[in-house]
Each structure stands twice: as structure tokens, then as C-alpha cells.
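Written below as C-alpha cells is the structure these notes are about.
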Amino acid sequence: MSHISNGYHNYGGMVATQSTKDNVPSCNSLIDLTVLKGEKLSAAVLNIIRNLFPEWAHNVEKVSLDRVSGALTNAVFFVNAPNKRRMLLRVYGIGCDQIVDRAKELFWLARLSDLKIGPALLGTFENGRFEEYLDSTTLTSDAIHQPIISQQIAICLRRLHDIINVYPPSKSQTLEVWCNIDKWYRVVLGLVPSLKNKNADWGKILDAYNLDQLGQEILQCKAILERVQSPVVFAHNDTQYGNILQLEKTGELVVVDFEYSGYNPRGFDIANHFCEWMYDYHSDQPASLQADRFPTLEERLRFCKAYIDAGEDNSLCAEDLEREVSTWLMGPHVFWGLWGLIQASQSEIDFDYFLFFTQRISAFRNELAKWSDN
């Protein structure tokens with residue numbers, strides 16, 4: 001967690017408060033990554049910085065940008081200049097307004113900052129934002145398999161989940177999992193004709209995957225999961241290794257990137273993390289699901305025990321939590337499967353979103369069949 005006093009981050013001449021996003025400097029500039037490359041991109045970024053952070057930009061004639069690999073929704077860069085504190089730049093992916101509710105994301109970033117959680121939001125522009133850079137290293141795919149690291153992640157998730165005690169949901173609150181799945185399913189149905197025109201092979205696969213049938217399967221999934229007693233928590237919903245940092249000075253883990261966060265069943269959030277064990281976004285096949293890397297029962301129970309021990313509720317046992325989470329595995333699979341197909345239609349990021357879609361929907365159907373028989 002980043003340490004904040006009085007809700008303010010003093011950041012190399014910039015002071016940004018996050019009580020509300022209105023207190024964060026903002027401008028209407030836009031960065032088009034399909035046009036801006038190299039020096040032109042650096043110059044455009046510097047112009048925005050001069051607008052948002054004139055003190056930081058004082059005497060800065062040029063910035064360098066280091067692109068962060070492994071980001072699947074946005075383009076993420078480290079912004080560097082001599083004698084200036086590094087910043088993180090996030091440029092939203094093309095068409096991501098169909099996937100991410102930016103107003104909701106910024107709303108939660110403000111709340112999290114009030115609780116001294118995560119990096120500071122420094123400034124926003126039309127299609128992106130600047131964030132505090134934390135001196136840290138990003139976890140790797142192998143790291144989250146390590147017992148100690150896995151237990152630390154469990155503790156981090158428990159702390160995030162317990163935010164619901166500070167900011168409880170309204171009685172009419174819609175869960176993120178169903179809100180997004182329902183919305184994305186409608187979007188996907190509308191995209192099918194253009195996807196078939198984009199790639200003839202995709203058309204054949206989409207016919208075989210029968211997206212009309214998928215709608216009925218989603219209803220069946222909901223019916224099964226409604227019977228699972230999984231309390232609603234404040235969930236991160238995307239705890240892949242690239243969104244977990246280890247601070248250089250303390251070794252403490254920090255969960256970042258709250259694009260998909262919100263109220264969800266506890267089982268969904270933990271199940272989603274377990275699914276992320278199967279991916280290495282820096283490998284030769286970053287979109288490929290590696291089923292043999294899914295955590296073993298021993299590893300799942302170790303995680304669940306650490307999660308339980310981090311809270312005050314001693315009535316729950318690791319075996320019961322593990323079963324709750326296992327039942328919820330179908331949720332993240334269909335959630336990200338639909339996400340993948342939308343991204344396949346529009347993203348400029350070099351990632352096989354279509355393969356990602358097919359494998360996640362297949363995994364969803366396998367899980368659905370397993371629990372439908374119970």
C-alpha cells in the first residue's frame with residue numbers, strides 16, 4: 001500500500017487529492033496510438049504533462065516512454081525525464097468504453113485513496129490518465145505459484161474484500177459479474193457479423209461455438225451460482241500477476257489497476273485469481289490457457305486458509321471456501337471469454353484475443369457441465 005497523509009500525495013511538485021476525481025487535474029487532450037509513434041508520441045505526452053503538471057514539466061524539454069508489456073486492456077507506459085519522479089501513463093484501449101465504466105473506476109480510485117490504498121491518481125485526459133509510480137517490481141507468472149507469495153496475495157485480497165465494511169453496497173446494487181456478462185453478451189451478439197467478415201476462419205468457429213446457445217447457458221450458470229452461499233465483497237476482479245506489485249523497500253505486495261473492481265461474490269474474485277495461475281502473458285503464447293498450471297487442491301487450500309486467517313471470521317473452514325470458489329470458476333471463464341471476443345473485434349494490442357475467447361468459453365462449458373450434474 002502506498003502511504004498517504006491527509007488524503008494527499010505530494011508528487012515532485014504536483015499535489016493531487018483524490019477525495020473526488022474533480023480535485024484531480026484534467027484536460028480534454030487525446031492520444032491516438034494508431035497515429036502517434038516514437039518521438040511524436042513522446043512530444044504529445046509532454047504537451048499534456050505541461051498542461052496538467054506545469055511544475056513537473058518545468059525545464060523538461062523531452063520525456064522518454066517505456067512501454068509495459070502484458071497489459072491487455074490499455075497501453076501502459078513509464079514516463080521518464082531527467083531529475084523528475086517517474087510517472088505511469090495509461091492510455092485506454094480503443095473501444096474500451098464497451099468494456100470498462102471509467103466513471104465508476106475513477107469513483108473507486110477516489111475511495112481507495114481515502115483509505116490509503118494503491119497508487120495515486122495524478123491527472124486525467126480524454127482517453128487516459130497519469131498515476132503515481134511505485135518503486136516496485138511486478139510479479140511474474142511463476143511468482144504467484146510460490147507458497148509465500150500466494151499467501152500474501154490471499155491476505156491482500158482479504159483486505160480489499162473487507163472494504164465492504166467501510167463502503168457497503170446499496171440494497172439495489174447489481175453485482176459486477178452479472179452486470180458485465182449481460183452487457184457484454186449483448187455487445188457480442190451485435191459484433192458477430194463484423195467478426196465473420198473480418199476473418200473467414202473466425203466465422204466457422206463462431207458458428208461452431210453457437211453464441212445463441214451461450215445465452216441459455218449463462219442463465220443456467222446464474223441459476224446454479226444463486227444457490228452458492230458466497231458473500232458480496234469489494235472485489236478487484238482482475239488479480240492477474242501483472243496487477244500485483246512488490247515494493248522495493250519493504251517487499252510488501254500492492255494490488256493495482258482497479259478497472260474491473262466493484263461489488264461481487266467472494267467466490268468469483270478468488271476463482272478469478274486461480275484462473276490467472278494458468279496464464280503467462282510474457283510467454284511465446286500469451287493468450288494460451290495452460291490447464292496444468294491451475295493450482296492443486298493443496299495450493300488452493302493453502303490460499304483459502306491464509307485468506308481466512310487474515311480476517312476475524314473463524315467460522316469458515318478452508319475446505320468450505322475452496323468448494324465455494326471451485327463452484328464459481330465458471331463465472332470468470334464466461335466473463336473473460338466475452339471480454340476476449342469484444343477485444344478481438346477492436347483492440348490494437350498484439351494478443352490473440354480470439355484464441356483467448358474460445359478457450360475461456362470452452363472452459364466455462366466444462367465447468368457448467370460439471371456442476372449441472374450435481
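The values are calculated or read from the model by the stated rules, or taken from the named source; none is laboratory data. This one's a predicted model, so the numbers in the text were calculated from it and none came from an experiment. Reconstructed Cβ throughout: ideal geometry from the backbone, glycine too, with neighbour counts over all protein chains shown.
Tabulated data
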| item | result |
| --- | --- |
| Among residues of segment 28-64, those that are surrounded by fewer than 15 Cβ atoms within 10 Å (Cβ to Cβ), among the hydrophobic types (A, V, I, L, M, F, W, C) and either within 25 Å of the chain's Cα centre (by Cα) or in a loop (DSSP other than H, G, I, E, B) (or both), counted | 2 |
| Segment 319-343 residues that are charged (D, E, K, R), paired with ones that are buried (at least 24 other Cβ atoms within 10 Å of the Cβ) (beta carbon under 7 Å, 6 or more apart) | E324/G267 |
| In segment 187-202, the residues that are free of Cβ contacts under 8 Å to residues at least 24 places away in the same chain, over 28 Å from G262 (Cβ atoms) and surrounded by 15 or more Cβ atoms within 10 Å (Cβ to Cβ) | K196 |
| Test result for A143, of a type outside the set (S, T, N, Q) and closer than 30 Å to E298 by Cβ | yes |
| Failed item in (1) under 25 Å from R159 (Cβ atoms); (2) surrounded by fewer than 19 Cβ atoms within 10 Å (Cβ to Cβ); (3) modelled with pLDDT of 90 or more, with R90 passing the rest | (2) |
| Selection within segment 215-253 - of a type in the set (S, T, Y) and touching a helix residue (DSSP H, G or I) at 6+ places or on another chain (Cβ under 7 Å) | S230, T239, Y241 |
| Single unsatisfied condition, L289 versus (1) more than 20 Å from the chain's Cα centre (by Cα); (2) among the aliphatic types (A, V, I, L, M); (3) at pLDDT 95 or above; (4) not in a helix (DSSP H, G or I) | (1) |
| Boolean, N210 is over 17 Å from I164 (Cα atoms) and loosely packed, with under 14 Cβ neighbours inside 10 Å | yes |
| Count of segment 34-74 residues which are closer than 18 Å to R129 by Cβ and modelled with pLDDT under 90 | 5 |
| Residue selected from segment 13-27 under the condition at pLDDT below 50 and surrounded by fewer than 17 Cβ atoms within 10 Å (Cβ to Cβ), by the criterion farthest from the chain's Cα centre (by Cα) | G13 |
